[in-house]
Structure formats: structure tokens, C-alpha cells
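A.B. asks: Input: one structure, supplied below.
Please treat every number below as a calculation from the coordinates, not as lab data. The structure presented is a predicted model; accordingly, all values stated were derived computationally and were not measured. All Cβ positions, glycine included, derive from the backbone under ideal geometry; neighbour counts span all protein chains shown.
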Amino acid sequence: MVLYGTVIRATSIKNRETKKDFACKNCGKIYTASSDILEYNQFKLPPVCGGEVEKAHNPFINMLNAMKKKGGAGFNKNFGGTHIGMCNSRNFLPIHGTAQYKDY
């Protein structure tokens, strides 16, 4: 048996976001995340950002480390400057206009 005819869609076309770019709030590193239909279309982002940021040295930690090394009240006077460290932020902002959609 063969049927000929036109299929008419009874509902409107639905779409879902499949990919989207997110930027770290602290360092600005961009991550592309994809959504999974089995996870209720939630985007999988890394638990922490792996970007690098410039951080200032903490003089109090330096003083405590110097006291531990010397066993007394001697202090290391190298308190200034900055170093490059891991961002480790958990805040990601979506970048508008980067979403990719798929119709179903």
C-alpha cells in the first residue's frame, strides 16, 4: 500500500541551543560549551576556569613563611610585585550572538 500526500506540521517549529560561547568573568577566557538533550539542554562548563591572571603577592603569607623558615621574627622584605597565577573562577557569562540552534 502506498500513500501520497502532504505532511502538515500541527505545531510550530521548536529549536534548542546546541552550542554557546561563555567567557570567564575574571580573566575573559572563552569556552565553547555544548548542551545535551539527555541533561535537559543544560550547558556543560568546566568546574573552574583554567585561565591565567596577574595576581599580587600577599605580604602576610610571605611574612608567615619567613617566620617558619627562620623560627623567629625575621621577615623577608620581598613583598612587592605580581605573579601570574591560575584564575580558578567559577563565574561564566554567556556571550550574546554566539549561540547555535538546531530545529526539531
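A.B. asks: GNM, the chain, Cα, under 10 Å: largest mean-square fluctuation among N88, N58, N26?
C.D. replies: Of N88, N58, N26, the most mobile in the Gaussian network model is N58.
A.B. asks: Any idea what angle helix 59-70 forms with the longest principal axis of the chain, computed on alpha-carbon atoms, 0 to 90 degrees, nearest 10?
C.D. replies: Result, in degrees: 50.
A.B. asks: Give the lysines reachable from K102 as a straight Cα distance under 20 Å; neighbours fewer than 8 places away on the same chain don't count.
C.D. replies: Cα-Cα hits under 20 Å: K14, K19, K20, K44.
A.B. asks: So for M86, M1, fewest C-beta neighbours within 10 Å to most, what's the order?
C.D. replies: With the sparsest Cβ surroundings first, the list reads M1, M86.
A.B. asks: What's the ranking of 33-40, 6-13 by average number of surrounding C-beta atoms within 10 Å, highest first?
C.D. replies: 33-40, 6-13
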